[in-house]
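Worksheet for the structure shown next.
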Ligand code: ADP
């Protein structure tokens, strides 16, 4: 049998209720029983005084005189107890029968040595609930010594025994009134606990069903958040998780579709040209032209694969940063050098403004080189012949701001938010960005995020764009960490 949460909670509740009511019930009923016994002892107490009075007027001397007999009979009737007169050593002197006649029994009473000692010292002796062998019932007993005022000796002991009938009856009366409220509170408790567990388990069941749906690939299931408690929090977290999974699944699908598309077009064109050369459709004198295209497509394929690898490595954390202090100015100059031939070919005027002699930053130089290269590559690529490109640094308190500015075609406001997405290219036909993969800027953004920095872009279509990013200055890091 499966023990559901509901069953477990109800069982625990029942167990707790039983244990608690058992403990409280025992304490309370014991206290009540002892209270009832005290009341009975108080009831019996005047009987002792009455017997003492009868002794003082000659009970011991004339036990069976008519006056004494009727006096004792009245006492027995009033107090409903067994009345014994004992010798100081505990032997029974007289037992009073129902009509008040004293019978001389002459046997030992059931009072033990300890009780006799208390009595001989002049004190009263009480005995709470005990099993009386003579009457074979449960009894309580009260005994008091009668002391001679002349000699101060104990003359005799008045011994009263009462059965528990009155106490039991009053106890049973109370108990009969108790079970109804106890039972009803247990039933109400079970109903409440069941309701509460239902409220807890229902969303859990919903989450469990929805999780199975997710496992099947259905990410659209969300859970209604009804409560503002831990269960509500769990449902909220579940919904966030489902949304994120759906997003990542969508991204995965788009990524695969994009990759397939990006790989297919160069391969198709390479295949077409090679096939054309093999079957003679392309004349031999045109080979060099088409082989140049094949070579460019192969380079693009290579770049695409390399960038995809880089991006996935950065995202999966396989590209840990190797942060070291280095001179950013020197790195910028090195990157510019790589583009010198293209800049010359396109007659692009480059303005470099690095105000400080050295700009020491703490970052991974290889990754930052990639950032500069990708930004510079775009600037050169999208800037027409004879225009202007600029690269500037501006040192702040903690960071240095690097701007790469161009007078290229610019980016439309509608496209701006998407240029950081993988495979996003404004020019879908890739006429002006033939070598573009749409992965350059996502890599730039990821690298800067890895460094805890950010990049922003402003652009005017037809006028140009400015990409601005920051890097942590080395001197500040040095001051903070005390290196
Ligand atoms: P690509 O390899 O296509 O350049 P990127 O991720 O680097 O990929 O850039 C994505 C798109 O953003 C580019 O295709 C282009 O449309 C636009 N873009 C990026 N930089 C510039 C720029 N400096 N000027 C104009 N458009 C740009």
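Every number here is computed from the coordinates shown, using simple stated rules; none is lab data. What you are looking at is a predicted structure, and each value in this text was computed from that prediction instead of being measured. Cβ: placed from backbone, ideal geometry, glycine included. Neighbour counts: every protein chain shown.
What is the angle, in °, between the Cα long axis of helix 5-56 and the longest principal axis of the Cα atoms in the chain? Nearest 10 is fine, range 0 to 90.
Rounded to the nearest ten degrees, it is 20.
Quote the relative contact order of the chain in percent (integer), defining contacts as alpha-carbon pairs under 8 Å separated by 6+ residues.
9
Once both labels are modelled 7 Å past Cα along the beta-carbon direction, what's the residue 101-residue 168 spacing in nm?
Simple spin-label model gives 3.0 nm for this pair.
In the stretch 303-361, what is the volume of the convex hull around the alpha carbon atoms, normalised per residue and reported in Å³?
Convex hull of Cα atoms, per residue: 116 Å³.
Determine, at each q value in 0.18 (inverse angstroms), the log₁₀ of I(q)/I(0) that the Debye formula gives when each Cα of the stretch 267-338 is one equal point scatterer.
With no solvent term, the Cα-only Debye profile gives -0.84.
Starting from the coordinates of the alpha-carbon atoms of the stretch 1-57, obtain the Kirkwood hydrodynamic radius over all distinct pairs and give the value in Å to one decimal.
15.5
Sort the following peptides by mean Cβ neighbour count (other Cβ atoms within 10 Å, averaged over residues), highest first: 217-226, 54-63, 363-372.
On the way: 217-226: 13.3, 54-63: 15.0, 363-372: 20.3.
Per-residue Cβ counts within 10 Å, averaged per peptide and sorted highest first, yield 363-372, 54-63, 217-226.
Hey, could you get me the Stokes-Einstein D for the stretch 151-199, Kirkwood radius over alpha-carbon pairs, 4 °C and 1.567 mPa s, rounded to whole µm² s⁻¹? Show your work: numbers first, answer last.
Values: Rh = 15.5 Å.
Estimated diffusion coefficient is 84 µm²/s.
At 0.36 nm per residue, and after removing the present C-alpha to C-alpha distance, how many nm does the segment from residue 123 to residue 243 gain when stretched out fully?
Between residue 123 and residue 243, full extension yields an extra 34.7 nm.
If you project the alpha carbons of the stretch 210-324 onto the principal axes, what extent comes out on each, in Å, largest first?
78, 43, 16
Report Rg (one decimal) and Dmax (nearest whole number) for the chain, counting Cα atoms only, units Å.
52.4, 161
Once R0 is set to 25 Å, what does the formula 1/(1 + (r/R0)^6) return for the Cβ-Cβ distance between residue 305 and residue 333, expressed as a FRET efficiency to the nearest 0.05?
0.25
Please determine, in degrees from 0 to 90 and to the nearest 10, the orientation of helix 165-215 with respect to the longest principal axis defined by the Cα atoms of the chain, where the helix direction is its Cα long axis.
That works out to roughly 10 degrees.
So what is the relative contact order of the stretch 168-253, in percent, for Cα pairs below 8 Å that sit 6 or more residues apart?
Contact order relative to length: 21 percent.
Enter the mean projected area of the convex hull around the alpha-carbon atoms of the stretch 69-172, in nm², rounded to one decimal.
If you wrap the Cα atoms of the stretch 69-172 in a convex hull and average its projections, you get 7.2 nm².
If you split all Cα-Cα distances of the stretch 282-396 into 5 Å bins from zero, what percentages do you get per bin, shortest first?
Distribution as computed: 2, 9, 14, 17, 16, 16, 12, 7, 3, 2, 1, 0, 0 percent.
Over the alpha-carbon set of the stretch 1-122, divide Rg by the Kirkwood Rh and report the Rg/Rh ratio to two decimals.
Numbers: Rg = 24.9 Å, Rh = 18.4 Å.
Result: Rg/Rh = 1.35.
Given an 8 Å cut-off on Cα distances and at least 6 residues of separation, report the relative contact order of the stretch 1-99 as a percent. Could you put the intermediate results ahead of the total?
Numbers: 38 pairs, mean separation 16.1, N = 99.
Relative contact order comes out at 16 percent.
What length, rounded to one decimal in nm, is gained on full extension from residue 4 through to residue 45, with 0.36 nm per residue of separation minus their alpha-carbon distance?
8.7 nm
R0 = 51 Å: FRET efficiency of residue 412 with residue 288, Cβ-based, nearest 0.05?
0.85
Given axes a ≥ b ≥ c from the Cα gyration tensor, I'd like to know whether the stretch 126-213 is rounded (a/c under 1.5), prolate (a/b larger than b/c) or oblate.
Taking the square roots of the gyration eigenvalues as a ≥ b ≥ c, the stretch 126-213 is prolate.
Please find the FRET efficiency linking residue 352 to residue 200, where r is the Cβ-Cβ separation and R0 is fixed at 60 Å, and quote it to the nearest 0.05.
Rounded to the nearest 0.05, the efficiency is 0.35.
Could you put 313, 173, 127 in order, starting from the residue whose Cβ has the fewest other Cβ atoms within 10 Å? Mind dumping the intermediate values first?
Details: 313 13, 173 10, 127 18.
Fewest-to-most ranking of 313, 173, 127: 173, 313, 127.
If each DSSP helix of 4+ residues adds -39,500 (n - 2.57) and the sum is divided by the residues in the chain, what number results at 222 nm, nearest 500 deg cm²/dmol? Mind dumping the intermediate values first?
Values: 11 runs with 257 residues, N = 483.
Estimated from H runs of four or more residues: -18500 deg cm²/dmol.
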